[in-house]
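Read the structure below first, then the notes.
Rule-based calculations on the coordinates, nothing more; no lab input. For clarity, every value in this text was computed on a predicted model and none was experimentally measured. Neighbour counts run over all protein chains shown; Cβ positions are idealised from the backbone, glycine included.
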Amino acid sequence: MRSEVLIDEPVDVLVRMLPNGEVRPTSFLWRERSRYVSDVGRQWEERIEGRTVRCFLIMTVDNNTYELHWDPAGNRWTVHRGWLRDMAV
């Protein structure tokens, strides 16, 4: 069973820069554990507190789904929320 969890915590993210300028997360460090991205799904932009952030819906190799937010102006990443399988948060 998956549980939706609001997280809103800063994270360190490794990305791949594609030739067309697209940014694709490949892994992120959250709560002292590396999470490896197996698939990048939907991407969209939102206005949050007057800033435009890029949002990524990603799946990790352990079959958990996360929504990552990237603020390119400050190059800050946040794990906004997760849909987690049998995982203590």
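A few comments on the model shown:
- Loop-located GluC sites (Glu not before Pro) in the chain (DSSP state not H, G, I, E or B) with no more than 11 neighbouring Cβ atoms inside 10 Å: GLU22, GLU32, GLU49.
- Taken one residue at a time, the phi angles of segment 46-58 give Karplus couplings (6.51, -1.76, 1.60, θ = phi - 60°) of 9, 9, 10, 6, x, 10, 8, 10, 9, 10, 10, 9, 10 Hz. Gly and Pro are set to x.
- For segment 1-68, the relative contact order comes to 19 percent (Cα pairs under 8 Å, sequence separation of at least 6).
- Among the listed values (1) 19, 16, 12; (2) 25, 16, 11; (3) 21, 15, 12, the one computed from these coordinates for semi-axes √(5λ) of the Cα gyration tensor in Å is (3).
- Around the amide H of SER27, modelled in the peptide plane, lie the amide H atoms of LEU14, VAL37, all under 5 Å away and 5 or more residues distant in sequence or on another chain.
- If a spin label sat at a point 7 angstrom from the Cα of LEU6 along the line to its beta carbon, the backbone N atoms of segment 57-84 nearer than 14 Å would be those of 80-82.
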